[in-house]
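Every read-out reported here was derived from the displayed coordinates using simple, explicitly stated rules and does not represent laboratory data. These numbers were taken from a predicted model, which means no experiment stands behind them. Heads up, the Cβs are rebuilt from the backbone with ideal geometry, glycines too, and the neighbour counts pull from every protein chain shown.
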Amino acid sequence: MSQDESGRSAAKTALAASLNRRSLLKGASLAAGSMALGGGLLASTSSGARAADRTEITFASAKFYAKKTIAQIVDAFNESQSKIHVKYIELPPPSSSTEVHQALVQQLARRNGAPDVFTQDVVWIAEFAGAGWALPLDEYFPAAARAEYFPGLIDACTYQGKLTALPWIVDGGMLFYRKDLLEAAGAKVPETWADMAMIAAELQKGGKVDFGYLWQGKQAEVLVCDAVEVIASNNGSILSSDGKTASVGSDQAVEAMQFLYDTINKTKISPADVLSWDEEPSRLPFTAGKAAFLRNWSYVYGIAQDPSASSVVDKVGVAPLPHFAGGKSAACLGGYQYGVNASTKNREAAVEFLTWMSSPATQLRFAVDLGLAPTRPAVFNEAELAKEQPFMQTLQGVFTGATPRPVTPKYAQVSLALQSGFSRGLVSGDIKKELTATASKIDAILGT
């Protein structure tokens with residue numbers, strides 16, 4: 001999911017320019033419609049005339065890689081009714097989380113109503129709500145409506161007792177593995193990190209694969225996700241249970257991050273390149289048949305089964321991530337959720353679009369066509385989902401029981417401190433020193 005710098009810059013520039021031109025474009029559209037009617041073209045079926053009769057809103061979302069696109073889903077909404085026309089603004093992918101966050105912050109902080117609807121990483125909900133940028137949604141989605149989603153995700157979308165986001169998709173880190181290679185070696189799917197490292201090393205040594213284990217070590221948000229998982233699987237955490245102090249310098253956290261360092265420098269089951277990789281660079285060698293194990297998100301499964309993009313069709317299995325002895329498997333809670341701009345000038349249209357996008361039928365389309373897991377229990381039970389994305393049902397507990405990243409309005413600052421500290425530790429090998437220093441920085445950010 002990487003984007004080059006020019007691509008990121010272009011995406012942000014396009015977002016700003018498009019949203020800033022919104023009022024002008026809308027006015028021009030209405031004027032065009034008036035001219036058509038004045039000329040006796042009342043019965044015209046041109047797209048310009050149809051657009052003039054609609055309320056136009058903008059929808060900004062991160063880009064997701066799949067066989068189909070979010071733009072196609074938005075087009076389906078536009079074609080399903082004649083009251084609202086949604087203009088889709090594509091942001092960089094979640095792997096470029098910092099760029100997505102900055103683009104949204106810049107626009108929402110202007111309080112000019114654009115974009116009307118947006119998608120946000122689950123870790124930004126408290127920040128956006130705390131800044132007054134996200135519209136409270138309780139009056140539109142009462143208790144009965146909220147009960148149709150997984151309770152944990154409603155909790156994640158709630159800030160200071162108010163629903164300020166609506167669940168869209170949920171994700172969690174998971175272990176992709178080569179079924180054929182494990183079966184040939186007589187090995188079971190590993191449940192501990194030690195077993196995984198041993199199997200990976202044997203397959204690599206035997207020439208079955210070039211790489212034993214691939215993960216994401218780039219100094220970016222995805223490194224925080226990988227770290228949250230491995231630390232939690234060793235009974236550690238990033239913050240204390242009350243969220244007021246850092247615990248990332250604990251012995252459990254140090255041992256967990258040492259394991260990641262060792263995959264490159266001791267067991268050598270991971271290439272040093274992982275330190276510059278996010279999701280897509282790590283996915284490519286795996287679906288090319290060059291790796292035994294991969295930590296990644298759910299989108300990989302659909303690509304692995306696509307003959308045009310994968311050399312390992314029908315050879316890939318998915319399982320919960322391993323854990324340390326005495327610990328338990330942990331998946332970092334991922335996923336993007338919907339938000340409505342508190343300054344929108346088209347509140348009812350924005351809520352109607354959001355309601356359609358989060359409906360059971362649309363969630364099923366996102367799951368089947370884009371490999372994005374639903375946030376409604378009922379959708380997980382759909383037969384079509386079982387046929388097209390069978391791993392989602394078997395790993396439902398991974399999605400719904402995932403470990404959240406620190407919940408704090410200051411998450412953006414905390415994340416940057418974690419990214420820097422983890423990265424320095426993985427490069428230098430002095431894990432204890434770097435994590436201790438990172439804990440001190442986080443305590444300062446939190447004001448403790």
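The table for this structure:
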| read-out | value |
| --- | --- |
| Cα centroid separation - the stretch 138-173 against the stretch 83-132, whole Å | 18 |
| Residues whose placed amide H lies under 5 Å from that of Asp171, excluding near-sequence neighbours | Gly334, Gly335 |
| Among Ala201, Ile231, Tyr177 - extreme Cα towards positive end, dipole of the stretch 163-244, charges at beta-carbon | Ala201 |
| Amide proton proximity set for Arg405, modelled H, under 5 Å, gap of 5+ | Leu333 |
| Packing-based ranking, highest mean first, of 278-284, 392-398, 76-82 given that Cβ atoms within 10 Å are counted | 278-284, 392-398, 76-82 |
| Cysteines having no other Cys beta carbon under 4.7 Å from their own, within the chain | Cys157 |
| Matching label, Rg/Rh (Cα atoms, Kirkwood Rh) computed from the structure shown, candidates (1) 1.04; (2) 1.00; (3) 0.97 | (2) |
| Assigned charges on the beta-carbon of Lys, Arg, Asp, Glu; the chain dipole about Cα centre (debye) | 720 |
| Assigned charges on the beta-carbon of Lys, Arg, Asp, Glu; the stretch 398-445 dipole about Cα centre (debye) | 40 |
| Highest to lowest packing among 285-292, 321-328, 238-245, scored as the average C-beta count within 10 Å | 285-292, 321-328, 238-245 |
| Extreme residue, positive dipole direction of the chain, given options Gly429, Ser270, Gly335 (C-beta unit charges) | Gly335 |
| Dipole of the chain, positive direction: furthest Cα of Gly113, Pro307, Leu418, with charges on the beta-carbon | Gly113 |
| Those lysines that a straight Cα-Cα span of less than 28 Å connects to Lys432, excepting residues fewer than 8 apart in one chain | Lys218, Lys244, Lys266, Lys268, Lys328, Lys410, Lys441 |
| Net dipole in debye of the stretch 312-412 [+1 Lys, Arg Cβ; -1 Asp, Glu Cβ; about Cα centre; nearest 20] | 440 |
| On Cα atoms only, tilt of 411-428 relative to the major axis of the chain in degrees | 30 |
| Within the chain, percent of DSSP bridges classed antiparallel, to nearest 5 | 60 |
| Relative contact order (%) - the chain, alpha-carbon pairs under 8 angstrom, separation at least six | 23 |
| Degrees between helix 22-38 axis and first principal axis of the chain (Cα, 0 to 90, nearest 10) | 30 |
| Distance in nm between pseudo-label sites at Thr69 and Ala144 (7 Å out along the Cβ direction from Cα) | 3.9 |
| Mean-position separation - Cα centroids, the stretch 353-426 and the stretch 182-209, in angstrom | 28 |
